[in-house]
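Visitor: For reference, the structure I am asking about is given below.
Read-outs throughout are calculated quantities, based only on the coordinates presented, and are distinct from any laboratory measurement. As the structure is a computational prediction, the values presented were derived from the model and not from experiment. When we count neighbours, we look across all protein chains shown, and the Cβ atoms used for this are built from the backbone with ideal geometry, even at glycine.
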Amino acid sequence: MDKIEHIGIAVKNLDASNELFRKLFGAPAYKMEEVLSEGVTTSFFKSGPNKIELLAGTNENSPITKFIEKKGEGIHHIAFAVDDIVAEIARLKSEGFTVLNEVPKKGADNKLVAFLHPKSSNGVLVELCQEIRD
Ligand SMILES: CC[C@H](C(=O)O)C(=O)SCCNC(=O)CCNC(=O)[C@H](O)C(C)(C)COP(=O)(O)OP(=O)(O)OC[C@H]1O[C@@H](n2cnc3c(N)ncnc32)[C@H](O)[C@@H]1OP(=O)(O)O
Ligand SMILES: [Co+2]
């Protein structure tokens, strides 16, 4: 795990939150992207070397919709950059973590991603992100 790649924040209304975070960071989102497979639409902000990912659910089954119903808006996950997501998944499995998708899937912002069940990581939803290299 090299560094925190982004922090994911679950929001009800992406337009309203885009404006709030534009004021917070003094700059607009640098990217907005829908990830159909996850039932989310996202916007990304840069805060110095860090990234913030705002996520809104696009359907009632979206993990974000369910999260907000249960816990309200707020920090949803922490994503870490990894060099080799397949190797990292194998390592974390061997260490006893519950990997929610053992086959990496396409995420936002040109990444392959995988998630650990929060119950196996002290109540924190952890995302692994590997840059998709052309
Ligand atoms: C990929 C695009 C983008 C990117 O960066 O590229 C994204 O980041 S997409 C982000 C959205 N996608 C996901 O979150 C996928 C992984 N998440 C899941 O598979 C589910 O959300 C899961 C398994 C974490 C929870 O599933 P579900 O909501 O069906 O189960 P429960 O509500 O019963 O939750 C079980 C248990 O976990 C607690 N929980 C749920 N979500 C979180 C969370 N984000 N952080 C911490 N804890 C969480 C929940 O409260 C339950 O605990 P309990 O003590 O039983 O209440
Ligand atoms: Co994310």
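Visitor: Considering only the other residues whose Cβ falls under 12 Å of the Cβ of TYR30, what net charge follows from Lys and Arg at +1 and Asp and Glu at -1? Before the final figure, lay out each step's value.
Guide: Working: positive: ARG22, LYS31, LYS46, LYS51; negative: GLU33, GLU53, ASP109.
That works out to +1.
Visitor: Let me ask another. I need the phi-derived Karplus couplings for region 116-130: 6.51 cos²θ - 1.76 cosθ + 1.60, θ = phi - 60°, integer Hz, Gly and Pro marked x.
Guide: These are the phi-based 3J(HN,Hα) values: 9, 5, x, 5, 9, 9, 6, x, 10, 6, 9, 10, 9, 10, 10 Hz.
Visitor: Nearest 500 deg cm²/dmol is fine: what mean residue ellipticity at 222 nm does the chain get from its DSSP H runs of n ≥ 4 alone, each adding -39,500 (n - 2.57), divided by its residue count?
Guide: Working: 3 runs with 31 residues, N = 134.
The helix-only estimate for the chain comes to -7000 deg cm²/dmol at 222 nm.
Visitor: On to the next question. Between region 81-134 and region 30-58, what is the C-alpha centre distance in whole Å?
Guide: For region 81-134 versus region 30-58, the Cα centre distance is 17 Å.
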